[in-house]
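Before we start, here is the structure in question, set down as structure tokens.
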Amino acid sequence: MKGGSGDNDGNPNAATISILQQMADYYGQMGDEWRVRAYRKAIGTLRNHHTKVWTKEQALALPQIGERLAVKIEEIAHTNRLRRLDNAKAKPADQILQNFMGVYGAGFGTASEWVAQGYRTLDDLLDKASLTDNQRIGIEHYDDFNSRIPRAEVEQHGAVIRKALTNIDPKFEVIIGGSYRRGKATSGDIDCILTHPNIDSTRLRTIILQRLIPTLTKTNFLVAALAATSRDEGSKWHGASRLRHSSTWRRLDLLLVPSDEIGAALIYFTGDDVFNRSLRLLASTKGMRLNQRGLYRDVVREQRGRGKISEGVRVEGRDERRIFEVLGVPWREPGDRIC
Ligand code: DCP
Ligand code: MG
Ligand code: MN
């Protein structure tokens, strides 16, 4: 219930009334009718009062205003705001932001924009916001994408991909990485490395994009394609998959890796992300560079800034253990790769 601000015009306590009204609205949303009544009474009193109320004592002298409200009235009169209201406003906004950040593909920036545009719920977004196709998918499958996937189901998704891929060529290999490889009981998504002993990255990409993805889309296993990238860091495909007889969509990430990079890719895709960052940092302190394609030596960096003059020479890419060795780090089982 909004207090019409118009009828407070000219009232010396208009600013105070407006803030008290916002508190009343807030408690109304919380279902705290007792406080709503207390605020309404105080507001009524102030509406009928024709001098500005500055102090707690002045407020207490008026009818229908108790100790706690009197303190608040004094705070508002002197600061033009009420910390309690700021808190009340901040908290839900924060929760909305958290909620929006759970939409696949929406980071802090997008989520903040949605909040700033006044959207409060996922339904608001679906009804009113202008969304990309992928954002719409992320919202429509919000609960699916934010629920954990049991190991057994992760394996079933992996098996579907393995079957389709070995149908194309029996030498293909599918390794499930991410939190699954670290031994977690449940995963946030399914991270699959696809590799072949003698197919290079370009042809790998062609086969996956032109044969595997269309095949698995036709059988309704793949239900959404969310992103495909091909950069220095390697080829990735992000999408969603669904098991037959299940209506739950799962987030699926594919990483396409030629065999001479498989060791570095395994390290990268096993994580966790913090472990990866610390390993990369360690490499750089030793004049080396680690990325998802390999470990490089003789990297020459600019004096200032982070630019590189020489990319360096790749010393290892194929052998996961050997990368640890060259780095001088004792081998860590995937399950121990957390910082
Ligand atoms: N990765 C990384 N840095 C990132 C994101 C990912 O190094 N910013 C690497 C490490 C992760 C792996 O990729 O372990 C897979 O990324 P996920 O986001 O799928 O993370 P996890 O599989 O570790 O956890 P979850 O169960 O949430 O999927
Ligand atoms: Mg994962
Ligand atoms: Mn992932």
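Any read-out appearing in this document is the output of simple, stated calculations on the displayed coordinates, not a laboratory observation. Bear in mind that the values here come from a model prediction, so they are computed numbers and not experimental data. Positions of Cβ are generated from backbone atoms using ideal geometry, with glycine treated the same way; all protein chains shown enter the neighbour counts.
With the alpha-carbon atoms as the only input, what is the per residue convex hull volume for region 165-258 in Å³?
Details: hull volume 10.2 nm³, N = 94.
Per-residue hull volume (Cα only) is 108 Å³.
Using only the Cα atoms, work out Rg/Rh for the chain, with Rh taken as the Kirkwood radius, to two decimals.
Reported Rg/Rh, Kirkwood definition of Rh: 1.19.
Measure of size requested: the Rg and Dmax of region 35-99, with Cα atoms as the atom set and Å as the unit; please supply both.
When restricted to the Cα atoms of region 35-99, Rg and Dmax are 14.0, 45 Å.
Please give the direction-averaged projected area of the C-alpha convex hull for region 160-213, in square nanometres with one decimal.
4.1 nm²
Considering only Cα-Cα distances, which of the following residue pairs are longer than 22 Å: Lys163/Lys218; Lys128/Lys218; Lys52/Lys89; Lys56/Lys89; Lys41/Lys72?
Values: Lys163/Lys218 15 Å; Lys128/Lys218 32 Å; Lys52/Lys89 26 Å; Lys56/Lys89 24 Å; Lys41/Lys72 14 Å.
Distance filter (> 22 Å) returns Lys128/Lys218; Lys52/Lys89; Lys56/Lys89.
Along the three principal axes, how long is region 73-223 when you take its alpha carbons, biggest first, rounded to the nearest angstrom?
So the three principal-axis extents are 78, 34, 26 Å.
Rule-of-thumb check for region 218-276: C-alpha Rg over 2.2 N^0.38 Å?
Relative to the 2.2 N^0.38 Å estimate, region 218-276 comes out at 1.33.
Over 5 Å intervals from 0, what percent of Cα-Cα pairs in region 1-126 sits in each interval?
2, 11, 18, 18, 15, 11, 9, 8, 5, 2, 1, 0
Give the residue list of trypsin sites (Lys or Arg not before Pro) in region 240-273 that are DSSP loop and have at most 13 other beta-carbon atoms within 10 angstrom.
The qualifying sites are Arg244.
Rg and Dmax in Å for region 203-339, alpha carbons only: what are they?
According to the Cα coordinates of region 203-339, Rg and Dmax are 17.7, 58 Å.
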